[in-house]
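Asker: Before anything else, here's the structure in question.
Please treat every number below as a calculation from the coordinates, not as lab data. Here the structure is a predicted model, which is why all the values come from computation and not from measurement. Ideal geometry is used to build each Cβ from the backbone, glycine not excepted, and the neighbour counts take in all protein chains shown.
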Amino acid sequence: MGEMFKVSTFGESHGVALGCIIDGCPPGLAITEEDIQKDLDRRKPGTSKYATQRKESDTVKILSGVFDGQTTGTSIGLMVENEDHRSRDYSEVKNKYRPSHADFTYEKKYGVRDYRGGGRASARETVMRVAAGAIARKYLLEKHGVTISGYLAQMGDIVIESVDLEEVDKNPFFCPDNSKIKRMEELIEELRSSGDSVGARINIMATNVPLGLGEPVFDKLDADLAKALMGINAVKGVEIGEGFDVVSSRGSGNRDEMDVSGFTSNNAGGILGGISSGQEILASIALKPTSSITTPGKTIDQEGNETEIVVKGRHDPCVGVRATPIAEAMMALVLMDHLLRHRGQNIDTYLKS
């Protein structure tokens, strides 16, 4: 993904390792493995009893592109080794298609499928997106004061009522409303007992974003942001600003009016005509309930025979529990790419902003 700040990832859920190559990172950015590890530790599995119990240290190694603690401007190579893969957990699905998974489409498209934990389609791949996003976040913060944060806004029918960002990293749900934590804990236990799962909503925002990022037609900032967020596993919906609430709005109330002090509202989510307005960028994603559950379900096997399936293994009752760092990383990658593109095309206006 990206044009100026390009990120490619490789690896599978139960392979030897996962990695990524980053091209286009400006030279001179101070970066260490510890800087990246902070974000990986927020995302890694096995950190609480409310998510998958797969134990991975997610220890990152910088393979290239950094010398004496600074980026060199050349390709940055990062790698995280897999340590706790249990391929035997997936022996039963070797010849069956898990409902609502990529099993069926992958095999029909490629003619071959890595059934171990979903292979390339596994959310395990997002570890490298978070690693790349950590570098983008550091550059955005140090060079432009851009901060990116997110939080769990809804889990199933539990909707937060207040937002205190100081609470987000104090609980395993990335929830900003301390009054909802107990109910969330109870819901996860209920889901585990019943062999079921539930969806979630994550809100992401970026502050101090420079004005002018994005393009007016094919590479709108909101379009690229929506594509990036939609590319996260299990995401089935993306909103920018007021999102689908605009359907019931009136133009007189939805438009973001201006006065001498600036904008008086931010219903557009900080993007106008595909270009950042200098306001806070606001986005939300909806994640489906995982279909990797122990409740028996109907499916077919590779020969087309009807059969029943129970998915074993270590799965999240709610994939949204660990999605916040991933969503933050994807926003960082998009903003980083567009900032470099804006700087390259509009250097004169960029220097004045």
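Asker: Enumerate by residue number the chymotrypsin sites (Phe, Trp or Tyr not before Pro) in the stretch 170-228 meeting two conditions: DSSP loop (anything except H, G, I, E, B), and at most 13 other Cβ atoms within 10 Å of the site's Cβ.
Answerer: Loop-located and lightly packed - 218.
Asker: Mind telling me which of 17, 136, 332 comes out most flexible in a GNM of the chain, alpha-carbon contacts under 10 Å?
Answerer: 17
Asker: Are there trypsin sites (Lys or Arg not before Pro) in the stretch 212-275 that DSSP marks as loop and that have at most 14 other Cβ atoms within 10 Å, and which are they?
Answerer: 250, 255
Asker: Turning to a different aspect of this structure: Determine the gain in length on full extension of the stretch residue 265-residue 348; use 0.36 nm per residue of separation and subtract their C-alpha separation, reporting nm with one decimal.
Answerer: Contour length minus Cα-Cα distance gives 27.0 nm.
Asker: Express in nm, to one decimal, how much length is gained between residue 193 and residue 305 on full extension, taking 0.36 nm for each residue of separation and deducting their alpha carbon distance.
Answerer: Full extension of this stretch gives 37.3 nm more.
Asker: Now, a different point. I need the calculated FRET efficiency for the pair residue 105 and residue 70, taking r as the beta carbon distance and R₀ as 51 Å, to the nearest 0.05.
Answerer: Calculated transfer efficiency: 0.75.
Asker: Over the C-alpha atoms of the chain, what are the Rg and the largest Cα-to-Cα span, Dmax, in Å?
Answerer: Rg, Dmax (Cα atoms, Å): 21.0, 68.
Asker: Let me ask something else about it. Calculate the all-directions average of the projected area of the stretch 210-353's alpha-carbon convex hull, and give it in nm².
Answerer: About 13.1 nm², averaged over all directions.
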